[in-house]
Amino acid sequence: QVQLVESGGGLVQPGGSLRLSCAASGSFASITTMGWYRQAPGKQRELVALITSGDSTVYVDSVKGRFTISRDNAKNTVDLQMLSLKPDDTAVYYCNAHILVPPRTLPSNYWGQGTQVTVSS
């Protein structure tokens, strides 16, 4: 079994910062792409940021310049550093990863349970 567990969410004032972490555990061969998604009430889930195995990154326009995604392959973790938070950033944030789990030969999609981020004055 493979699990993704997020941490670091909470309540913060506008302009504040949070750092989300996601750790993968279990038995697997490798992790390819890792990313963060978020879903606000009444909104569709959207990609916030992703990072590939080659450390290429992609950000949604609304967070570009404020958020930074990074990964630690030795620890099987991915982080999302969030600066200058805005009320519109309020959402449940989900960790996502494509993980190769033998004997399967293609990566499978895994999701964390989600962590709440609330930005409010």
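Quick note: the coordinates plus some simple rules give every number you see, no bench work behind them. Remember, predicted model here, so these are calculated numbers, not experimental data. All Cβ positions, even for glycine, are placed from backbone atoms using ideal geometry, and neighbour counts span all protein chains on display.
See the values below:
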| quantity | calculated |
| --- | --- |
| Under the Karplus curve 6.51 cos²θ - 1.76 cosθ + 1.60, θ = phi - 60°, whole-Hz ³J(HN,Hα) for the stretch 15-22, x wherever Gly or Pro sits | x, x, 9, 9, 10, 8, 10, 9 |
| Relative contact order of the chain, pairs being alpha-carbon contacts under 8 Å that are 6 or more residues apart, as % | 37 |
| Placed amide H near Gly114: partners under 5 Å, 5+ positions off or other chain | Glu6, Cys95 |
| For Ser30, distant residues with modelled amide H under 5 Å away | Leu100 |
| Label-reachable residues, the stretch 62-78, where backbone N falls under 18 Å from a point 7 Å from Gln44's Cα toward its Cβ | 62-63 |
| Given charges at beta-carbon only (K, R positive; D, E negative), |dipole| of the chain in Debye | 60 |
| In nm, spacing of pseudo-spin labels at Thr68 and Arg104 (7 Å Cα→C-beta vector) | 3.3 |
